[in-house]
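Participant: Sharing a structure with you now.
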Amino acid sequence: MGNKPSLISKGRYELKFRGNKCLNCEHPLDISDKYCPNCSQANSTKKLVLKDFWDEFFSSLINYDSKLLKTLYAMLLRPGTITKHYVEGKRITYTNPFRFLLSLAFLYLLLFSYNNNFSNWDKAAEKLKPNMTSDNPISLDLVSGGVLGDSTKIKEQVSQSLKEMDSMGLTDVPASKQIQYLDSLGVFNGQFVENEARKDSIMLADPKTYFKKLKNKSGVGGLVSKMEFFSNMIQRDSLTNYEEAQREYGVDGALSSRIAYSSTSSLLRVIKEPGSFVNATIAKLPFVIFFFLPLFTVFIWMVYIRKKYTYTDHLIFSFHNQSLLFILLILSLIIDSIFKTSSAAIFLLIFSFYLYKAMRRFYGQGRFKTIVKYIFLNTIFAFLALFVLIGLFTGSVFTY
Ligand SMILES: [Zn+2]
């Protein structure tokens, strides 16, 4: 930090308040030093009053603001230049790329969740399952859950169509006989459904014995059976924690049982409150980006291996571009909420143009090479993002 005239020289920075050593690190100072060259604390011996804090707060805001404006200006008007400057050492002019991206990600999520109110999903889910009581639990077993509810409906539909065929003379055997035959095979309320119902009643009558039998089951099948057991118990018996399960049903402390329990209770909560779940998962995205971009940058680094840039240089490039994407998406959200449209696609198109320009300018290669690398890197980006999102959501379901 030099003694630039642009920096503030009023208030506690006035000449009369300057000392001959730094109050922070005791580095000897000259009266002309505005800041300590060792720790960059202001050279001032003035006692602080509230007004100083007030003034400094605003000046720092303006100071950040001008940095902010310069960063925004460079990003929007000269894509790629900002990274070039930053990598070459012209840094204090611009905001720190890592902090900048984090702030933008949070701002974007704030606006995004304001525009898309996912908590409405909770209410919708409540309406869909009007009474998730002990008499009407959510079935984690999707197959039997579906068949159980509709067996009479299926029977009606089948007999209806068979009767129609009969009346048109399309079959040799009368419809009533066919239905009887299908019924005897157990198509409508077949063995499968019966088994499920029997299993449920055994489970509820003597949970301890039932779980003992499950203990010996291993692998995925065992895990699923345990989850089914816990799903029933949590809903019918208002089981609230694992210790309770151990006390009441003699559940063991095995890792597989614990995993089964926690994932079941998470899953039930997700089904009950899907909106809150989506909100909680989306809130994790800024952190995910900070893991995702370094991974993606490995590919950029590979594609431009012959360039003199280091891995960190490539990382700054991808942070700058991600920041620009957030800036454009924020603009799109603002426009959407004012004009009640959806402009995201247009802004993504604008971004893809910016990205190409940035690659051209930062890496300085010809059109053809840049286009090939552009397509390759975007494909990689899309695949990685898809995997990460799937991983994020499934991971969230079991830890919610
Ligand atoms: Zn100092």
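The values are calculated or read from the model by the stated rules, or taken from the named source; none is laboratory data. Here the structure is a predicted model, which means the values were calculated and not measured. Here the Cβ positions follow ideal geometry from the backbone for every residue, glycine too, while neighbour counts run over all protein chains shown.
Participant: Do you know which residues across the stretch 11-62 are away from the ligand (no atom under 13 Å from the Cβ), under 48 Å from the mean Cα position of the chain (by Cα) and acidic (Asp, Glu)?
Facilitator: Result: 52, 55, 56.
Participant: Run down 82, 92 and say which single residue is assigned to a helix (DSSP H, G or I) and out of contact with any Gly (no Cβ under 6 Å at 6 or more places or on another chain).
Facilitator: 82
Participant: Does residue 345 count as surrounded by fewer than 19 Cβ atoms within 10 Å (Cβ to Cβ) and in contact with a helix residue (DSSP H, G or I) (Cβ under 7 Å, 6 or more places away or on another chain)?
Facilitator: Numbers: surrounded by fewer than 19 Cβ atoms within 10 Å (Cβ to Cβ): yes; in contact with a helix residue (DSSP H, G or I) (Cβ under 7 Å, 6 or more places away or on another chain): no.
It is false that residue 345 is surrounded by fewer than 19 Cβ atoms within 10 Å (Cβ to Cβ) and in contact with a helix residue (DSSP H, G or I) (Cβ under 7 Å, 6 or more places away or on another chain).
Participant: Still on this structure, please answer the following. Return a yes/no flag: does the stretch 264-273 have any residue that is in the same structural domain as residue 201 (by TED's automatic domain parsing), within 25 Å of residue 390 (Cβ to Cβ) and not in a helix (DSSP H, G or I).
Facilitator: Yes, the conditions are met somewhere in the stretch 264-273.
Participant: Output the qualifying pairs, or none if there are none: Cβ atoms under 9 angstrom, residues six or more apart or on different chains, first residue in the stretch 25-54 and in contact (Cβ under 8 Å) with a residue 40 or more places away in the chain, second residue basic (Lys, Arg) and more than 15 Å from the ligand (Cβ to nearest atom).
Facilitator: Matching pairs, first to second residue: 52/12; 52/46.
Participant: Out of 249, 261, I need the residue that is in the same structural domain as residue 206 (by TED's automatic domain parsing), surrounded by 18 or more Cβ atoms within 10 Å (Cβ to Cβ) and at pLDDT below 80. Which one? Break it down stepwise before answering.
Facilitator: On the way: 261 fails: at pLDDT below 80.
Sole residue among the options that is in the same structural domain as residue 206 (by TED's automatic domain parsing), surrounded by 18 or more Cβ atoms within 10 Å (Cβ to Cβ) and at pLDDT below 80: 249.
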